[in-house]
Amino acid sequence: MPKTIQGRFSFLVIGKGLMGSAAARYLSAHSPDVALIGPDEPVDYARHDGVFSSHYDEGRITQRLARDMVWSQLAERAIGQYPLLEAASGLLFHTPCGVLTVTHAPGESRYVGQRGEIAAALKAAYEIYPDAAAIRQAHPLFQFTGQAQGSFEPAPAGYINPRTMIRAQLHLARQQGATIVNDEVIQLCRATDHVTVTTRNGQTYQAEKVLLAAGAFVNGYHLLTRPLVVRVKSETIILARLAAADIARLSQMPALIYEIPSPVLADIYLLPPIPYPDGHTYLKMGCNTASDQTLSDMEAMRHWMIQGDSDPHKAEMQAALSNLIPTLRPLSWQTKRCLVTYTAHGKPYIDQLDDHVFVAAGGNGTSAKSADTSGYLGAQLLLEQPWPAPFERATFQAVIRSED
């Protein structure tokens with residue numbers, strides 16, 4: 001018996017995360033014939049039997065001076081859209097508190113090496129701190145020792161709330177006529193002039209063009225005829241719950257990126273006090289650890305998110321945060337888990353895969369701030385519109401896994 005088609009669309013986006021929600025907004029600004037299909041954030045991780053996303057959080061660092069020129073250009077355009085998106089949606093997600101970057105090895109830093117060149121190209125202001133004493137004078141809340149050197153990027157650098165940013169994108173997409181479906185696509189079938197997708201709830205939709213923006217699960221459910229080259233890594237964060245006195249005292253601190261000299265921790269990022277949905281306010285710190293794992297398939301990713309052990313380096317993470325802010329007196333500590341998706345060339349995959357299927361995925365641990373641009377570029381592909389300078393399609397070409 002043939003399946004009932006629930007809707008036929010010109011454009012369909014799979015994935016309701018940061019890139020997918022942005023793409024749906026941009027597509028629906030040009031056509032009301034747009035659908036976005038993706039699951040809501042699970043209420044209970046332990047009972048959730050579908051996919052996960054890493055945008056389930058209240059803070060991600062944003063800055064124009066990123067790790068290289070391409071990421072900076074992506075961020076530059078996205079940050080320029082924040083005020084427009086906030087004003088149009090009425091939802092505030094951007095806190096321009098500035099970003100402090102500290103390293104003990106400037107010549108080897110991923111964040112400092114091209115900073116002068118990028119700042120000159122973007123006409124972005126920043127301040128340099130030649131030693132730990134200069135950092136402490138400018139930012140006395142923090143304590144750095146040894147040969148630390150740093151720089152500070154002022155507003156609009158700071159942080160965004162990814163949950164609220166997605167709500168803003170979805171709000172505007174709905175206003176523009178987009179159909180948004182809380183479901184999960186598990187099958188994709190190609191025909192001569194359209195694509196048919198089927199969801200976990202048994203619904204079927206058709207579209208002329210489909211954008212796959214499924215994050216870490218981009219290869220999930222075998223939606224692609226051949227998988228993309230991606231590496232999905234476990235990521236651990238720690239939340240320090242704050243008392244009222246610490247909330248007030250730390251309220252003016254900047255966001256921090258710190259290349260910590262440590263045998264088990266790397267690439268720390270720290271956010272100012274942020275209220276979370278549980279009613280408490282936390283300092284959030286994330287980092288790479290010596291126990292991070294490569295997660296090879298959907299089941300491994302789901303296991304990590306549901307019941308992975310995020311505590312092997314909890315003591316070291318607590319110590320690192322306490323050393324950074326020696327006066328900190330948290331009420332409690334907890335670790336949480338997320339996923340990071342790396343591509344073959346270190347940039348997002350934003351590309352056309354066949355006549356009807358396109359992709360926008362692969363955040364490489366740094367894409368939240370610039371997701372609006374990635375979604376925009378993906379939408380431009382589906383709309384058959386040229387990309388604006390300085391973006392070139394070759395930079396974001398998808399890499400397909402070779403056949404065994």
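The values are calculated or read from the model by the stated rules, or taken from the named source; none is laboratory data. As the structure is a computational prediction, the values presented were derived from the model and not from experiment. Virtual Cβ from ideal backbone geometry, glycine too; neighbours counted across all protein chains shown.
Across segment 280-329, the number of residues qualifying as of a type in the set (A, V, I, L, M), surrounded by 14 or more Cβ atoms within 10 Å (Cβ to Cβ) and within 30 Å of Gln252 (Cα to Cα) comes to 8. Filter segment 315-335 for residues that are free of Cβ contacts under 8 Å to residues at least 60 places away in the same chain and either closer than 13 Å to Lys284 by Cβ or not assigned by TED's automatic domain parsing to the domain that holds Arg249 (or both) and give the result. The answer is none; no residue qualifies.
Scanning segment 356-380 for residues that are in contact (Cβ under 8 Å) with a residue 40 or more places away in the chain, within 30 Å of Ala191 (Cβ to Cβ) and either out of contact with any Pro (no Cβ under 6 Å at 6 or more places or on another chain) or among the basic types (Lys, Arg) (or both) returns His356, Val357, Phe358, Val359, Ala360, Ala361, Gly375, Tyr376, Gly378, Ala379, Gln380.
Per-residue answers, yes or no, for (1) surrounded by fewer than 18 Cβ atoms within 10 Å (Cβ to Cβ); (2) hydrophobic (A, V, I, L, M, F, W, C); (3) touching a residue at least 24 places away in the same chain (Cβ under 8 Å):
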site	(1), (2), (3)
Thr192	yes, no, no
Thr199	no, no, yes
Gln206	no, no, yes
Val210	no, yes, yes
Gly215	no, no, yes
Val218	no, yes, yes
His222	yes, no, no
Leu228	no, yes, yes
Arg231	yes, no, yes
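Residues of segment 27-49 that are loosely packed, with under 13 Cβ neighbours inside 10 Å and of a type outside the set (A, V, I, L, M): Asp40, Asp44, Arg47, Asp49.
Would you check if there is a residue in segment 125-141 being part of a strand (DSSP E or B) and either within 24 Å of the chain's Cα centre (by Cα) or small (Gly, Ala, Ser) (or both)? The answer is no, given that none of the residues of segment 125-141 is part of a strand (DSSP E or B) and either within 24 Å of the chain's Cα centre (by Cα) or small (Gly, Ala, Ser) (or both). Residue count for segment 1-26 under the criterion of being surrounded by 19 or more Cβ atoms within 10 Å (Cβ to Cβ) and part of a loop (DSSP other than H, G, I, E, B): the result is 3.
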